[in-house]
1. On a straight-distance basis, which lysines could pair with residue 230 in a cross-link, Cα separation under 26 angstrom, same-chain partners fewer than 8 positions away excluded?
2. Rolling a 1.4 angstrom probe over the protein heavy atoms, how many square angstrom per residue are accessible across the range 713-818?
3. Report the net charge of residues surrounding residue 379, where surrounding means a beta-carbon distance below 10 angstrom and charges are Lys +1, Arg +1, Asp -1, Glu -1.
4. What ranking do 409-418, 509-518 get when scored by the average of other Cβ atoms within 10 Å per residue, highest first?
5. At 1.4 Å probe size, with every protein chain present, just tell me what the per residue accessible area of the range 206-273 comes to in Å².
6. Give, in nm to one decimal, the length gained when the segment between residue 270 and residue 110 is fully stretched (0.36 nm per residue of separation minus the Cα-Cα distance).
7. Can you run the Rg to Rh ratio on the chain? Use alpha carbon positions and the Kirkwood inverse-distance Rh.
8. When the accessible area of the chain is computed with all protein chains present and a 1.4 Å probe, what percentage of it is carbon and sulfur?
Amino acid sequence: MIHQKDSRLVGQTVSHYKILEKLGEGGMGVVYKAHDERLRRDVAMKFLPAELAQDAGRRDRFYIEARAASALNHPNVGTIYDIDEFEGEHFIAMEYVKGTTLREKIGPATLPIDEAIGLAMQIARGLYAAHQHGIVHRDIKPENIMVTAEGQVKIMDFGLAKLSGGTRLTVAGTTMGTVAYMSPEQFRGDDVDQRSDIWAFGVVLYEMFTQTCPFRGDNPTTVMFEVINKEPQHLAELRKDVPGGLEGIVAKTLAKNPADRYQHLGELISDLDLVNRGGVPTITIIRTPVRRSSKGVRSDKLRWVITAALVVLAAVGVYLFVPPPQRASANIKTIAVLPFNNMSGNTGDEYLSDGMTEDILTNLGKIADLRVISRTTMMRYKGSKKTLSEIGKELNAGVVLEGSVRRVADQLRITAQLIDAGSDAHLWAEMYDSEFSRIFAIQSDVAQKIAAALEAALTPAEKARIEKKPTANIEAYKWYLKGREYASRNRKQDNETAIDLFKKAITLDSAFALAWAELGNAYAERYGFGAEISWLDSATAVSKKAMALDTNSAEAYNALAICYSYDGKYDKALEAYHKAIDLNPNYFGAVGNIGTTYTSEGRFDEALLWLKKALVLAPGNPVLATQISYAYVHLGNFDEGERWLMKAIELQPDYSYANIDLANLYVLKNKDQQANELMKKVVIVHPEDPRILDNAGAIAEATGNFSLAKEYYQRSMKANPSFATDPGTSSGIGLGHILLKEGKRNEGRKLLNQARTLQQKQIEEGDVAFDPRHYLAAIFAIEGNKKEANAWLQNAIAAGYRDYYDSQRDPWLDNIRNDDQYKQIMAQLKAKLDSMRTKVEEMEK
């Protein structure tokens, strides 16, 4: 058990907070200065006193304080960072700021009128923000209002806050607040609302302009009698330079009957602003008699005496304020969602915290006015010790969202806080205690609150998509989250597990569109791992099912687009990708895949535009860096291509396709030995991957190492069980070419004919990609059929073939390299690439 009320707690570490010194204590808690070792900042920590921790009602009030305050996001309201329990002690961590209390500002000398009005308007705005969240402070007084050296107001200590309409936790007969600022209805024990805060604000206004409290007395009973029965002295009698309009404003805030006061602070702010500009608001003061008890005045007086005996005057906690830094501006709407921490103490719940991260990220991504860093990028920071400012700088993100998930059975506690990465200022925070079944409502609320905090535009259509529940079956959602966790690992064995889990989700809810979409992705990924083409057919069918179930599912369109891409139907793929982006402008997968698709079509100028857009959403992504390199190399900018490849390999040294592309680049630069040595290293890591072996064979063949190429091609065909029906492999063409060179004509021709049949069938079935056309051109060139070879080469160029520089050393084209028509075709291709390169250079100036 930690020690609260003495210095023994100083120097201890509570959770991840190191206690530095005791600042003060009051009726609802002890306050310490502490250092947050995780986020590397000083905070003020309030502990519930030990004697109250056992009192369920007081403890509940403590948590309501934190929940209420953490819901607020306003520059004039002190921020709650965290609420937790440690060794049986309950605490909140809050903003630690350096400044003076309004009481100290009022004390030394009369405030200038313009300064007083400016401070008053800030107080009103902060309090109005709280009221709009349904929060009543109930203890507004100068001691709870801080003013920084820059003149910024912070309303502190919502320790007595009560959520409107929430559980009434006040013990019967207990009156809360400081007597001089309490409204008549508080003394009567009536329910209070925002109008009681408006009364207290009126008392504060009166003091700011006059340095005098409007209701005075030698003891609490006398003060209460004044509040109930007396009208304060006019401002003009105490200060000659008070503008006439202020008299009416203060009088209206101090009306005895709540119905006669300002009903909300928006009206009061407008009137203050008018006075500040030299105007005089039209204010009608109505004096409605306050309803008395039927027992008469004597009963009321007895009530005042009893109430006075029960009033606890809270000691003022000492808060030191650090002037809040300026918010970032250029990239304030670029948000990085850090992986939520799993606080359950059970690694089996990791899927839940990761799933919460992704779904909040997805909801935010649906807001076009925000830029949301991709999940794949953010998962790199899981468990990272980097500061938020370091993360923000690396990702060029203005704000960072961090949070945690704790599950006990079917109960969840989810915390989330939005932080300015540049200044470390808290922009919004919230804690949710709820049943698992409300998880979708929480995810939706977080996204919308963040949009509001960043002043991002949220269209009705975006709001509707964010609020839509993906499934009504919470168990199906759990299986879906687990499936997504396995799918994200990008490994063959995990892909199989993911498919089984998505199927379980669909069994529980056959209308669960997201589960169908992820199943489509998993089927397509299976094909990508080298499985037979039937998996791609299944992926297409399942993705269409997802789209039919939810026409507003970006995930469904993206899954279908991936299938079209694998099948070479690029126009259809682009159409589906663009639809996905319409529904989720921050959908990194779709944005990046548009760039990849344009690359496949040989439209490198457009490809680079989209790939670099994707890089904004996924800074430091090695796949994107490799794709960007591919475009530059094909445009003939080898140096820029190599720079991007080295960046990709630096980011992920074992990324095989970046190393393959680097080996290809070595071939173009006539560095044959380096090319083959690099591919040997890649093959050692992936000894049975048919596509990697296929590439290794092509590089060895291009460098004239035919024996090594033959070995790689044979291993590729052996590793690919569907080789005879897979049009995506070129191993058969390469091996057929080598066998012909060895004089094994029958074996060589058999392989070439088999490859020709596969490619022709692929084209007949609607494949518009350049690959099958290029392969046919190569087969005819190997056979010496120049006419057919050139015809198919032109066909391939029309479909996007752009391998001008690769063709210079392509051994499959040796038989037509000196043909005049071939030279003309390649000259035209070179001119096309030069034109694109000029466009790119102009765009990059």
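The values are calculated or read from the model by the stated rules, or taken from the named source; none is laboratory data. All values derive from a computational prediction rather than experimental measurement. Please note: Cβ atoms are built from the backbone with ideal geometry, for glycine as well, and neighbour counts cover all protein chains shown. Areas reflect the complete protein model, heavy atoms only, side chains present, ligands, DNA and RNA absent. Shrake-Rupley method; radii C 1.70, N 1.55, O 1.52, S 1.80 Å.
1. The reachable lysines, counting only those whose Cα sits under 26 Å from residue 230, are 141, 240, 252, 256, 295, 301.
2. Details: 4720 Å² over 106 residues.
I get 44 Å² per residue for this part.
3. My count for the surroundings of residue 379 gives +1.
4. Highest to lowest by the protection proxy: 509-518, 409-418.
5. 41
6. The span from residue 270 to residue 110 would gain 55.2 nm if fully extended.
7. 1.12
8. Values: 17620 of 35450 Å².
In the chain, the share of accessible area belonging to carbon and sulfur is 50 percent.
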